[in-house]
1. Only one residue in Ile75, Ile15 is crowded, with 19+ Cβ neighbours inside 10 Å, among the aliphatic types (A, V, I, L, M) and in contact (Cβ under 8 Å) with a residue 60 or more places away in the chain, so which one is that?
2. Can you tell me which residues in the range 135-190 are closer than 19 Å to Gly56 by Cβ, touching a His at 6+ places or on another chain (Cβ under 9 Å) and part of a helix (DSSP H, G or I)?
3. Can you spot a residue in the range 94-113 that is farther than 29 Å from Arg17 by Cβ and surrounded by fewer than 22 Cβ atoms within 10 Å (Cβ to Cβ)?
4. If Gly177 passes every condition in (1) in contact (Cβ under 8 Å) with a residue 60 or more places away in the chain; (2) surrounded by fewer than 17 Cβ atoms within 10 Å (Cβ to Cβ); (3) of a type in the set (Gly, Ala, Ser) but one, which one does it miss?
5. How many of the residues making up the range 78-134 are assigned to a loop (DSSP other than H, G, I, E, B), touching a residue at least 60 places away in the same chain (Cβ under 8 Å) and among the aromatic types (Phe, Trp, Tyr)?
6. Which of the residues belonging to the range 196-230 are under 13 Å from Ile148 (Cα atoms) and surrounded by fewer than 18 Cβ atoms within 10 Å (Cβ to Cβ)?
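The values are calculated or read from the model by the stated rules, or taken from the named source; none is laboratory data. In this text the structure is predicted, and so the values were computed from the model without any measurement. When we count neighbours, we look across all protein chains shown, and the Cβ atoms used for this are built from the backbone with ideal geometry, even at glycine.
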Amino acid sequence: MEDKSRQIRRMFDRIARRYDLLNHLLSAGSDFYWRKAALDRLNTSAGSRILDVGIGTGDLALGLLRRTKKPAVVIGVDLAVKMMQVGRKKAHQQNNQPIRFVGGNAEALPLKTDMFDGAMVAFGVRNFSDISAGLDSMHRVLKPGGRIVVLELSRPLYWGLRHLYQIYFKYILPGIGGVISGDSGAYKYLHKSVMDFPERDRFEMLMTRTGFVETGYQDISLGIATIYWGDKAQ
């Protein structure tokens, strides 16, 4: 676990400066819509305490805070220090949004039990060293009745689109990402991590085994991304 965690931290620290630009460019701007759709599933009330696992540069947390009348408090956890440095700068530029950035591992969150009204992860679960352990850790820190929402990339279900997607992800995306970020290896890893992720029914099953109830998922953008959700039992 430690070896993969260390590799992930170093990789994201290397690409932190160009991460946001590449997210928007390589998704053709779809990542803005994907985050909005994920936040719609969180059902956050004003003043909630929310956990953002793999907060990175803070786009999901900032999107949440912009839509609340009374600001929620967001605690974000990530391994990559340089990613969080970018996120802190963005939060400061946007009226000092109430986000606390904490260094830590998803599989062993350094947070109290039953602490959060909701938890969210965007494009981060596939980077966990142990997905089941990460889900269990997030389940622990949620209050009874709290909800988790996960946004992840998926493989499209339609054969033609799936084939084009594979070509783009395996051959074109690493080239573009490598030129802009200077690290093509990070974008080769992106392809592998999406291919290895236990998507749709398999991931929902992992959530239910962890103890989440009322689980479900929704494909968006023809299955290029998927939103998953579940609640901690009362």
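1. Values: Ile75 fails: in contact (Cβ under 8 Å) with a residue 60 or more places away in the chain.
Checking each option against the conditions leaves just Ile15.
2. Leu173
3. yes
4. Just one mismatch for Gly177, condition (2).
5. Let us first name the residues in the range 78-134 that are assigned to a loop (DSSP other than H, G, I, E, B), namely 79-80, 94-98, 104-105, 109-115, 123-124, 128-130.
Subset that is touching a residue at least 60 places away in the same chain (Cβ under 8 Å): 79-80, 105, 111, 115, 123-124, 129-130.
Okay, now just the ones that are also among the aromatic types (Phe, Trp, Tyr), so 123.
Selection size over the range 78-134: 1.
6. Thr208, Gly211, Val213, Glu214, Thr215, Gly216, listed by residue number.
To keep it simple, each residue is scored yes or no on (1) modelled with pLDDT under 95; (2) farther than 27 Å from Ala133 by Cα; (3) surrounded by 13 or more Cβ atoms within 10 Å (Cβ to Cβ); (4) small (Gly, Ala, Ser).
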position: Ser5; (1), (2), (3), (4): yes, no, yes, yes
position: Leu26; (1), (2), (3), (4): yes, yes, yes, no
position: Trp34; (1), (2), (3), (4): no, no, yes, no
position: Asn43; (1), (2), (3), (4): yes, no, yes, no
position: Gly47; (1), (2), (3), (4): yes, yes, no, yes
position: Asp52; (1), (2), (3), (4): no, no, yes, no
position: Gly58; (1), (2), (3), (4): no, no, yes, yes
position: Lys69; (1), (2), (3), (4): yes, yes, no, no
position: Met83; (1), (2), (3), (4): no, no, yes, no
